[in-house]
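One structure is given below, encoded as C-alpha cells.
The values are calculated or read from the model by the stated rules, or taken from the named source; none is laboratory data. Because the structure is predicted, anything quoted here is derived from the model rather than measured. Positions of Cβ are backbone-derived with ideal geometry, glycine not excepted, and every protein chain shown enters the neighbour counts. To get the accessible areas, we keep the full protein, side chains included, count just its heavy atoms, and leave off ligands, DNA and RNA. Shrake-Rupley method; radii C 1.70, N 1.55, O 1.52, S 1.80 Å.
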Amino acid sequence: MTVLIRGGWVLAPEAIADGAVVVEGARIVEVGPYTDLVARYPDAEVHGSAYDIVSPGFVNTHGHFSEGLITGIASDYTLWEWICALINPVSPHLDRGSAYLGTLLSGIQMLRSGVTTANDMFVCHPADDAAPVTPGVVDALEELGLRGVLSFGAGDRGGRSIGRQVEEHDALREAVASSSLQTFRVGIGALGGQSDEMFAASVEYAVGGGHGVHIHMQEIREEVTATFERTGRTVVGHCAHEGLFAAPTLAAHCVWVDRADRALMAEHRVGVAHNPVANMILASGVAPVTEMRQLGIDVGIGVDGAASNDSQDFLQAMKSAALLARVHHQQATAMSAREAWEMATIGGARALRMEATIGTLEAGKQADIVVLDGTGPTLANVHDPYQAVVFVAGSREVKEVWVGGRASLLDFEVTAVDPAEVAARSRPVAADLVRRAGLAHLSVLAGSGSAGS
C-alpha cells in the first residue's frame, strides 16, 4: 500500500510549504509538493492535513528503560547520591517482566512525543544464576513499533562477575538479532563501574565483535577526578588510550569535558547525547554543546531515564536544550530553534552513525515520520515551522508517528497497546519493586495497597 503523508510544512530538512511524503513499505519513495505527489499517486492513502507539520521522527539518543517503573522518586539528590539511594537498590530486583512493562510505559510516552528511535542502556544487576533481563526491552519495543538501539549497562564493581555481564550482552544481542526494528550496542555503565579486566572485556566485545558502544562519560566533575586519580587520564583520554573509540561510540552527557577531551572526541568521531533536563534535575552542570558542535562533534538530544528526567517527553528535552544554551551563554543566538531541531533529528542519527537510514525525509530512507497537528489552537498559525516545533508544540500536538512505514501512533494514540491497561498492569509491579528494594520510605506507592489492586 502507498501512503501519502501531507503537511502544510514538510521539514525535509528544508521546509517545503504544502508538501507531502510518499511511503511504500518501510521506506520513503518521494518527497515534494503535495499537488504534484497526489496527482502522481492518486490511489495513495492520505494522512495529515494542509495545516500539519511533518518532520523526521525524533531520535532519542540516551535513556534507561530500566527506570520505567520508578518515575518521580528520589529527585533531591545529585548523581552519585541518587545512584546510591535509588538505582543500586532497585537494579538487583529487575527481571524480564519488569523490563517489559517499564519499557512499555516509557515507550508509550516517547511515541506520544514523536520519538521514532530510542538509544537505550538498561541498567540492572542480575544475580549470576538469574535469567536474562534485557530481552524484555526487545519484546516491548517490537510490540510498540518503536525503533531501538539497545545496550546493557555492564559493570562488575560490587562483586558482580564479568562472566554474568558478558552473558547479559549475549542475551540482548541474540534477542535483537531476532527482531525487526532493534540494533545492538555494547553498554558500559560507566568507566568507574568496571574493573580494568571488565573494561578490557568490553573493548574486546565491541571492537572485536564489530559493535557500537553506549557509555556514560564525564557526567559529573567527581567522575573525572576519580578516573584521573586511578588512571592518570580523563575518562575520554583513558577510553582513547585503551582503544575503545575504534568502535563507533555514543557518549552520554559529556558535561565536564575540557578542550583536550573535546579534541579527542572530534578526532575519533565520538557522538554525544545531550540530556539537558536530567542534567538540571541532578544538578550535574551544563554540557558545552555549542563548543562541541563547533568542533564538528555530532550531538543529539536525550530524555535520559524515567527516574532522572523524570518525564519521557522528548519535546520537553528539545526545547530545554535550546533554552539552557541560551541562558547559560546569556545569548539568544547560542542555539536557534533550527539547530535544536537538527540535533533532535539528523544530529542524533549522526551521533549513532545511522544517518544513512534515518534522520531526514529523503527517498530511500526508513519512513520514520512524525505529524504534528495544525488544526488546533496551538499550531493554528505557523510563522516559522522550526520555532513552531521546538518552542510551541507539545506532546498533545503529536498526531501520527510512523516507524519503518508502520503507524505506531494514529489519531494521537498508540496503535499496538491500550495505555490505560499497561498503566494498570504496571502499578502492582512497581509497588512490589520499591518494596523489595527497600525504598518504602521514598515512595507512597509502596504503602498504598497498589500491589493488590
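May I ask you to verify whether D373 is touching a helix residue (DSSP H, G or I) at 6+ places or on another chain (Cβ under 6 Å), over 30 Å from S284 (Cα atoms) and open to solvent by less than 60 Å² (accessible area, probe 1.4 Å)? It is true that D373 is touching a helix residue (DSSP H, G or I) at 6+ places or on another chain (Cβ under 6 Å), over 30 Å from S284 (Cα atoms) and open to solvent by less than 60 Å² (accessible area, probe 1.4 Å).
Within the option set D128, D120, being of a type in the set (D, E) and assigned to a loop (DSSP other than H, G, I, E, B) holds for one residue only, D128.
Listed by first and then second residue, the pairs with beta-carbon distance under 8 Å, at least 6 apart or on different chains, first residue in region 200-227 and over 19 Å from F152 (Cβ atoms), second assigned to a helix (DSSP H, G or I) and not hydrophobic (A, V, I, L, M, F, W, C), are Q218/D261; E223/G192; A226/G192; T227/G192; T227/H238. Only one entry in R326, R338 is open to solvent by 40 Å² or more (accessible area, probe 1.4 Å), closer than 20 Å to G394 by Cβ, without any contact (Cβ under 8 Å) to a residue 40 or more places away in the chain and over 17 Å from the mean Cα position of the chain (by Cα), namely R326. Each residue in region 1-37 was checked for being more than 28 Å from the chain's Cα centre (by Cα), within 14 Å of A363 (Cβ to Cβ) and in contact (Cβ under 8 Å) with a residue 40 or more places away in the chain, and 1 pass.
Among the candidates A26, A44, A50, A39, the residue that is open to solvent by 50 Å² or more (accessible area, probe 1.4 Å) and either farther than 17 Å from T345 by Cβ or in contact with a Phe, Trp or Tyr (Cβ under 7 Å, 6 or more places away or on another chain) (or both) is uniquely A39. Does any residue of region 135-148 turn out to be open to solvent by 10 Å² or more (accessible area, probe 1.4 Å) and not in a helix (DSSP H, G or I)? Yes, there is a match, as at least one residue in region 135-148 is open to solvent by 10 Å² or more (accessible area, probe 1.4 Å) and not in a helix (DSSP H, G or I). In region 87-106, of all residues being among the hydroxyl-bearing types (S, T, Y) and without any contact (Cβ under 8 Å) to a residue 60 or more places away in the chain, the one that is most open to solvent (accessible area, probe 1.4 Å) corresponds to Y100.
Would you point out which residue out of A307, A287 is in contact with a Cys (Cβ under 7 Å, 6 or more places away or on another chain), in a loop (DSSP other than H, G, I, E, B) and not aromatic (F, W, Y)?
Working: A307 fails: in contact with a Cys (Cβ under 7 Å, 6 or more places away or on another chain).
Unique residue meeting the criteria: A287.
In region 107-126, the residue that is farthest from G97 (Cα to Cα) out of those that are buried (at least 24 other Cβ atoms within 10 Å of the Cβ) and of a type in the set (S, T, N, Q) is S113.
Do we have G210 as small (G, A, S) and closer than 26 Å to D170 by Cβ here? Give the steps one after another, and end with the answer.
Values: small (G, A, S): yes; closer than 26 Å to D170 by Cβ: yes.
Yes.
Apart from one condition, D128 fits all of (1) in contact with a Phe, Trp or Tyr (Cβ under 8 Å, 6 or more places away or on another chain); (2) modelled with pLDDT under 95; the exception is (1).
Reported count of residues in region 223-236, each being surrounded by 15 or more Cβ atoms within 10 Å (Cβ to Cβ) and under 27 Å from S308 (Cα atoms), is 7.
With respect to being out of contact with any Leu (no Cβ under 7 Å at 6 or more places or on another chain) and part of a helix (DSSP H, G or I), A85 fits the description. Quickly run through region 175-220 and pick out the residues that are within 21 Å of the chain's Cα centre (by Cα) and open to solvent by 50 Å² or more (accessible area, probe 1.4 Å). Scanning region 175-220 gives A177, S180, T183. Residues being touching a Ser or Thr at 6+ places or on another chain (Cβ under 7 Å) and within 30 Å of F184 (Cα to Cα) are entirely absent from region 43-50. Considering only region 257-281, state which residues are open to solvent by less than 10 Å² (accessible area, probe 1.4 Å) and in contact with a Ser or Thr (Cβ under 6 Å, 6 or more places away or on another chain). Result: D261, V270, A273, P276, A278.
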